[in-house]
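Engineer: Here it is, the structure, as structure tokens.
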Amino acid sequence: MEQYIVSARKYRPMTFRSVIGQESITSTLKNAIASHHLAHAYLFCGPRGVGKTTCARIFAKTINCLHPREDGEACDECESCRAFNEHGSFNIHELDAASNNTVDDIRSLVDQVRVPPPIGRYSVYIVDEVHMLSTAAFNAFLKTLEEPPAHAIFILATTEKHKIIPTILSRCQIYNFNRIKVADTVRYLKYVAENEGVEAEDAAFNIIAQKADGAMRDALSIFDQVVSFCGQKVTYQAAIENLNVLDYDYYFKLVDAFLGGQVQQSLLIFDEILAKGFDAQYFISGLSSHLRDLLVSKDAATIGLLEVGQAIAERYRVQAASVPVQFIYKALELSNECDMNYRQSRNKRLLTEIMLMRLCNLNGGQESKKVEPELPKLSGSATPVNVAQHAAATPAAKTAYPIPQQPARPQMVAEEPPVRVHRRPGISISAPAVQTGQRVTETAQPDSAAPQTATPAAEHCDFTDEALAQAWLKYAESLEKEAHTTQTMRNFPPERVSHDSIVMHIANSTQMEEMMAHKRNIERFLAAELHNSHITLSIEQDVSRFDNEAFTPTEKLARMQEKNPYFKELKQKLGLEL
Ligand SMILES: [Zn+2]
């Protein structure tokens, strides 16, 4: 019977160029070899299974090669290379510090270092898991590491760089190995499968690569396991069954159920998952990952963070288009909360089911008001039925759409000074603008009261428009420490409504807040300046007039937030400041 060699060994890279996912490190090492700039101690850090020991071995082979190639690779043909390839070289010494971590182990290593290699130029000492060395062993090692014989090169490897003492770190050239990307792992698995005559579905490769979590050695071991289970044809279904991975399909169906408010459906799906032997906590964290994947699929800029095969990525893209971003945030919050409470809960199944019920209520509850602008896009998406159900189930949702002639009527708030918003017939405030939280009282005014047709200054008036304008600017310029308000007042000069009442039209809620703070003072100032104690100033936000105007960065930000509520959310999530 032919001897079986596991793929992780059989396909272990023998040259720098065949190392997957560590291009920057391999090219640096090759350059160092080609230019004869070799250090005496290297520290390779990074997660397990990403190629640290492999690179150390290739490095040892290459620097001992008798006829190295110009590109910095070993020739693979000379005596030394052959000895390395057959694991019979005397130039390489490997010490596993996890099991040999005492001072005595290090002392015997140090004794060994003094002996020059019988053939080749360098003796390479690979110390794996070097962070496991005891402090005394570390100290015994220091001297040799600092002044090694010319023929000795140390390559220390560790998964936990933070446990290495600074005196060691400062004596080494440090290389940080990356977790291997899913796409790179998949590409290599395909190559291995082809060589082994195994046919496999793309999605199966992706599942294996994800399960390996960035470690190529794990990926190859899992591949072997799946192949021995499935034979020469590996399907996605067989792979997830063998690896005990929950099918994506369940999460897609669940999110559809959440959006449609189908509580029973979601509970039945959860029951099916439990019946398949999956742990509820595993399911919860899978659901969180699914929501996260939906979130990154919403934007072309972040879709690269999705680590799935093409077919599944397309499903994510389609579902993401139908899920409001606000829903995803809320859902993530709920699943995360459930995950955190899971261990303490005495009825874990019920806890999870409560989460599912709350998720089903998300889209039909309060939250729906914020997410409306997304909904019209839903028609023609993957879940038209759910959307229709949703819309029918939540008639309140309709009111927030901007409907010409019947603008949404914001709530009256008594405790704040009233702020009027002019609406001209046929012009409606867009829905996001109403949602800014700005307290607004609406006065539907007849056209004649609109500013353009304001009553001209009456003959009874005891101050001229010019005097008003001058007094206005005088106040504005007196605000030394509030340059921004000065600018706002300059930009929005007052208009006369009647002989002693004036109005200031501003463009957005930021200016509104700013001016409301000064309103009383301005009135008093004008009264003194113009000798008229009856002057009243009203400040009005006129969205239709200043629709495209934003003057300062603060105003531009406010404008962007008004137009797109998610912008504010994003700003808060990322903790951004202007
Ligand atoms: Zn060679």
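The values are calculated or read from the model by the stated rules, or taken from the named source; none is laboratory data. The model shown is predicted, which means the values in this text are computed figures rather than measured ones. Note: ideal-geometry Cβ built from the backbone for every residue, glycine included; neighbour counts use all protein chains shown. Ligands, DNA and RNA are stripped out before the accessible areas are found, and what is left, the full protein with its side chains, is counted by its heavy atoms. Shrake-Rupley method; radii C 1.70, N 1.55, O 1.52, S 1.80 Å.
Engineer: Using the Cα centre of the range 255-362 as the reference point, and only Cβ charges (+1 on K/R, -1 on D/E), how large is the resulting charge dipole? Debye, rounded to the nearest 20.
Structural biologist: About 200 debye.
Engineer: Tell me, how many Å apart are the Cα centres for the range 191-254 and for the range 145-173?
Structural biologist: With the range 191-254 and the range 145-173 each reduced to a Cα centre, they are spaced 38 Å.
Engineer: In addition: When the Karplus curve 6.51 cos²θ - 1.76 cosθ + 1.60 is applied with θ = phi - 60°, which whole-Hz ³J(HN,Hα) does each residue of the range 300-313 get, with x for Gly and Pro?
Structural biologist: Values per residue, Gly and Pro as x: 4, 5, 9, 5, x, 6, 7, 10, 10, x, 4, 4, 5, 4 Hz.
Engineer: Show me the ranking of peptides 133-139, 256-262 by mean Cβ neighbours inside 10 Å, starting with the highest.
Structural biologist: Going from most to least packed, we get 256-262, 133-139.
Engineer: Write down the accessible area per residue of the range 200-258 in Å², having rolled a 1.4 Å probe over the full set of protein chains.
Structural biologist: Averaged over the residues of the range 200-258, the accessible area is 38 Å².
Engineer: Could you run the Karplus curve 6.51 cos²θ - 1.76 cosθ + 1.60 with θ = phi - 60° over the range 463-468 and give me ³J(HN,Hα) per residue in whole Hz, x for Gly and Pro?
Structural biologist: Working through the residues one at a time gives 9, 8, 4, 5, 4, 4 Hz.
Engineer: Within the range 7-176, how many lysine pairs that are 8 or more places apart, or on different chains, have C-alpha atoms less than 22 Å apart?
Structural biologist: The result is 9.
Engineer: Also, I was wondering about something else. Choose one of I164, P148, N91: the residue whose Cα lies farthest towards the positive end of the charge dipole of the range 7-176 (beta-carbon charges +1 Lys, Arg; -1 Asp, Glu; about the Cα centre).
Structural biologist: Looking along the dipole axis, the top candidate is I164.
Engineer: Order the peptides 19-29, 347-357 from the highest to the lowest mean number of other Cβ atoms within 10 Å of their residues.
Structural biologist: 19-29, 347-357
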